1. Among the residues of the stretch 194-225, count how many are surrounded by 11 or more Cβ atoms within 10 Å (Cβ to Cβ) and modelled with pLDDT under 75.
2. Counting just the residues of the stretch 327-377 that are of a type in the set (V, I, T) and open to solvent by 30 Å² or more (accessible area, probe 1.4 Å), which one comes out modelled with the highest pLDDT?
3. Consider only pairs whose beta carbons are under 7 Å apart and that are at least six residues apart or on different chains; among these, list those whose first residue lies in the stretch 294-319 and is over 18 Å from Q346 (Cβ atoms) and whose second residue is among the basic types (K, R) and surrounded by 15 or more Cβ atoms within 10 Å (Cβ to Cβ).
4. Which of (1) surrounded by 14 or more Cβ atoms within 10 Å (Cβ to Cβ); (2) in contact (Cβ under 8 Å) with a residue 40 or more places away in the chain is the odd one out, the single condition G130 does not satisfy?
5. Where the second residue is part of a strand (DSSP E or B) and the first is among the charged types (D, E, K, R) and lies in the stretch 92-112, which pairs have Cβ atoms under 6 Å and are six or more apart or on separate chains?
6. From the list I97, I75, which one is in contact with a Pro (Cβ under 9 Å, 6 or more places away or on another chain) and closer than 12 Å to S174 by Cα?
7. Could you check K271 against (1) in contact with a Phe, Trp or Tyr (Cβ under 9 Å, 6 or more places away or on another chain); (2) within 20 Å of H342 (Cα to Cα); (3) at pLDDT below 90 and say which number it fails?
Amino acid sequence: MDYISALFLLSLHDILRLDVMVWVVGIPLVVAAVFMIVYQMRKRREIQTDLKQLAKVSRHTIEYELILKTMKLSIWRLDVASHKMTFESDYRDPDTIVFPPGTRVDELAMLVKPEDAETVWKGIDDLVEGRIDECHVQYEVNIPHSDRTYWEESYAVVDKRDLDGKPVTIVGTSQRIDNQKDAEKALIDARNHAEESDRLKSAFLANISHEVRTPLNAIVGFSEVLSMAQSEEERQQLIGLIRDNNARLLRLFDDMMHMSRLEAGGDAIKKIRFELKPLLEEMVVRYASRVDAERVKLLVMPTDSNPRVLTDRERLGEIVNQYVNNAVKFTSDGQITLGFEHIEHQLRIWVEDTGKGIPEDHCNDHLFERFVKVDDFVPGTGLGLSICRSIAMSLGGKVGVESTLGKGSKFWVDIPTD
């Protein structure tokens, strides 16, 4: 019995000892397991959060790059201490100048056209010195080893500052704005054209009202006096004055209609091959009755040459006609000569007179503009020379003048040869 009791007590002691061991070992294991589970759950949440943030950053990066590509922008950073710039994500047009990282800012500024350089340098200096927080400039850039340029627009802001508030890093964007500048130029040209049209309209009305009123008054006045003429000689003189003013009035309306037709596109050019000399001789015959044969000699330059030209005969004749008409108006003594000569690949037809001449500062393209008159006391609308230039351009040629005040003028038109 004692043996059995001892054995029982020993077994109970071992069981109790084993139970204690289980608790001693098991509790830390359970705690460790719980800790690991909590840690793993927290780590999992952190990983999920990081993945979400990464996906968000990636999405923002894609959107950011897409905006830069769409707007053809470049991003750059300027290190204030070293004055070096680094371009990032440059999506400007292919022919834009690209600089390697670490390029000094003065190397870039050297390419800016002189008229814009001062503005660009002032903007950079104000940002670097901290006088302003942001800057916006437009400037034209010279492409090295080329005569080409392009327009660029830049925005810049201070990114980082030191403890004293001085800028450390400046970030900015640059963009090509050639299309914008072309549109601005087109708008300015359109405005200038509108203002010029308005000015020309006023000049036209002022000129026409005067030029129409003068011959009309003469026609009406001389017509009333005609019935009171007491001799045939006086009668013929009045009829001649009426006829001259009729011709002047018709000439005025012809010029206006001709200019209107040219501005509207005119008739189609009809090129034919013809001899030039007969055309000039026709002009001499046409104006022979309008000059005093005893004081003014009207002739074609003596020559055996008679070139055959390929152009619009009617339009070329109109230019020569305008030149001869002006020569007759401004020449009271001497000679009016029609001629031609070959100059390189052009045939020059000219009308030279010994009239009053034109001041040297008037012998330029302005003389061939509409309503320009050297002498306001001589009848005319100022349209004739403008018509000549328009016709010459339609024929692929050009017009010009050489003159000496008091000695005469020489007006010419160059037309292409075959």
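The values are calculated or read from the model by the stated rules, or taken from the named source; none is laboratory data. From a predicted model like this one, the values you see are computed outputs, not experimental measurements. For neighbour counting, all protein chains shown are included, and Cβ atoms are generated from backbone atoms with ideal geometry for every residue, glycine included. Keep in mind that these areas ignore ligands, DNA and RNA; they rest on the heavy atoms of the full protein, side chains included. Shrake-Rupley method; radii C 1.70, N 1.55, O 1.52, S 1.80 Å.
1. 8
2. If we take residues in the stretch 327-377 being of a type in the set (V, I, T) and open to solvent by 30 Å² or more (accessible area, probe 1.4 Å), then T354 is modelled with the highest pLDDT.
3. As it stands, the answer is V300/K277, since those pairs meet every condition given.
4. (2)
5. Between residues of the stretch 92-112 that are among the charged types (D, E, K, R) and residues that are part of a strand (DSSP E or B), the close pairs are R92/S74; R92/R176; D93/R176; R104/K84.
6. I97
7. Among (1) in contact with a Phe, Trp or Tyr (Cβ under 9 Å, 6 or more places away or on another chain); (2) within 20 Å of H342 (Cα to Cα); (3) at pLDDT below 90, K271 violates only (1).
Let's see how each residue does on (1) open to solvent by 30 Å² or more (accessible area, probe 1.4 Å); (2) closer than 21 Å to N179 by Cβ; (3) part of a strand (DSSP E or B):
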| site | (1), (2), (3) |
| --- | --- |
| W76 | no, no, yes |
| F87 | yes, no, yes |
| G123 | no, no, no |
| V137 | no, yes, yes |
| E153 | no, yes, yes |
| A156 | no, no, yes |
